[in-house]
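The values are calculated or read from the model by the stated rules, or taken from the named source; none is laboratory data. On a predicted model such as this, the values are computed, not experimentally measured, just so you know. Positions of Cβ are generated from backbone atoms using ideal geometry, with glycine treated the same way; all protein chains shown enter the neighbour counts.
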Amino acid sequence: DTEVTQTPKHLVMGMTNKKSLKCEQHMGHRAMYWYKQKAKKPPELMFVYSYEKLSINESVPSRFSPECPNSSLLNLHLHALQPEDSALYLCASSQGAGQPQHFGDGTRLSIL
Amino acid sequence: GIQVEQSPPDLILQEGANSTLRCNFSDSVNNLQWFHQNPWGQLINLFYIPSGTKQNGRLSATTVATERYSLLYISSSQTTDSGVYFCAVWSGNTPLVFGKGTRLSVIA
């Protein structure tokens, strides 16, 4: 699935840095998602946006801050991350709740 | 919440062999998807199949919603089929819940 574009592909950051992950889709989908995937584990849902409003936050620590500036764009702002936050971060979109989700290629994040 | 169990957890095949992967779920579902995650981490959408049977080339899938299971068939496997196959379901208001996956290795 390459219709969902994530940047950057790789990110290395220190624990005191602030960075952002970006996700973009042009399929007219109205729901967008952030997932976190640790090695040899399935993806775990972090946030759901529906019609640009945050509808689900799966008890994610506040050092992760999502933002949906418009229906095509989803950001994940990172601040004061911990080494255990190192993972593959996947973005997905769907036409609506319960509809098939399409995933981006992910951002591989390493925290030093 | 809904439980999703996949079997087998690991599978090694000789190139050209066929295989069946299974996904059991504990409650009724609105949506079921099969994904292939390649060794580079890309999660590829294989099927959206809340019920019935679909085919796409060497792959096919069947979901029997009343019995709460889905099967993914891979025929004439190739080395490029290697990776992890995930089943994921959406039930009620609970967004996509993934099974733990089946790790497939196809050997030439």
Tally the residues that are crowded, with 16+ Cβ neighbours inside 10 Å, farther than 18 Å from A:GLU44 by Cα and touching a Ser or Thr at 6+ places or on another chain (Cβ under 8 Å), restricting the search to segment B:75-108. 4
If you check A:SER55 against the conditions, is it within 14 Å of chain B (Cβ to nearest Cβ) and surrounded by fewer than 16 Cβ atoms within 10 Å (Cβ to Cβ)? yes
Among A:LEU45, A:LEU78, which is part of a strand (DSSP E or B), in contact with a Lys or Arg (Cβ under 6 Å, 6 or more places away or on another chain), surrounded by 14 or more Cβ atoms within 10 Å (Cβ to Cβ) and not small (Gly, Ala, Ser)? A:LEU78
Select from segment B:39-74 the residues that are in contact with a Ser or Thr (Cβ under 8 Å, 6 or more places away or on another chain) and among the polar types (S, T, N, Q) and write down the one among them that is farthest from A:GLY98 (Cα to Cα). B:SER60
Identify, by number, the condition in (1) aliphatic (A, V, I, L, M); (2) out of contact with any Gly (no Cβ under 9 Å at 6 or more places or on another chain); (3) under 16 Å from A:PRO100 (Cα atoms) that B:ALA88 doesn't meet. (2)
Given the conditions (1) assigned to a strand (DSSP E or B); (2) in contact (Cβ under 8 Å) with a residue 40 or more places away in the chain; (3) not hydroxyl-bearing (Ser, Thr, Tyr), and given that B:ALA17 satisfies all but one, which numbered condition is not satisfied? (1)
Based on what the data block shows, is A:ALA92 outside any strand (DSSP E or B) and either within 11 Å of another protein chain (Cβ to nearest Cβ) or in contact with a Phe, Trp or Tyr (Cβ under 8 Å, 6 or more places away or on another chain) (or both)? no
Filtering segment A:12-28 for residues that are within 14 Å of chain B (Cβ to nearest Cβ) and either at pLDDT below 95 or surrounded by fewer than 20 Cβ atoms within 10 Å (Cβ to Cβ) (or both) leaves a count of 1
Among residues of segment B:63-90 being at the interface with chain A (Cβ under 9 Å from one of its Cβ atoms) and touching a Phe, Trp or Tyr at 6+ places or on another chain (Cβ under 8 Å), the residue nearest to B:PRO39 (Cα to Cα) is B:PHE86
Quick one: how many residues across segment B:39-62 are at the interface with another protein chain (Cβ under 10 Å from one of its Cβ atoms), touching a residue at least 12 places away in the same chain (Cβ under 8 Å) and outside any strand (DSSP E or B)? 2
Given the criteria part of a strand (DSSP E or B), among the hydroxyl-bearing types (Ser, Thr, Tyr) and over 22 Å from A:SER93 (Cα atoms), does B:SER70 qualify? yes
Go through segment A:36-52 and report how many residues are under 23 Å from B:TRP34 (Cβ atoms) and either among the polar types (S, T, N, Q) or within 11 Å of another protein chain (Cβ to nearest Cβ) (or both). 10
So which residues in segment B:4-34 are under 16 Å from A:GLY98 (Cβ atoms), among the β-branched types (Val, Ile, Thr) and modelled with pLDDT of 95 or more? B:VAL4
Within segment B:22-36, residues more than 14 Å from every other protein chain (Cβ to nearest Cβ) and under 15 Å from B:LEU59 (Cβ atoms) come out as B:ARG22
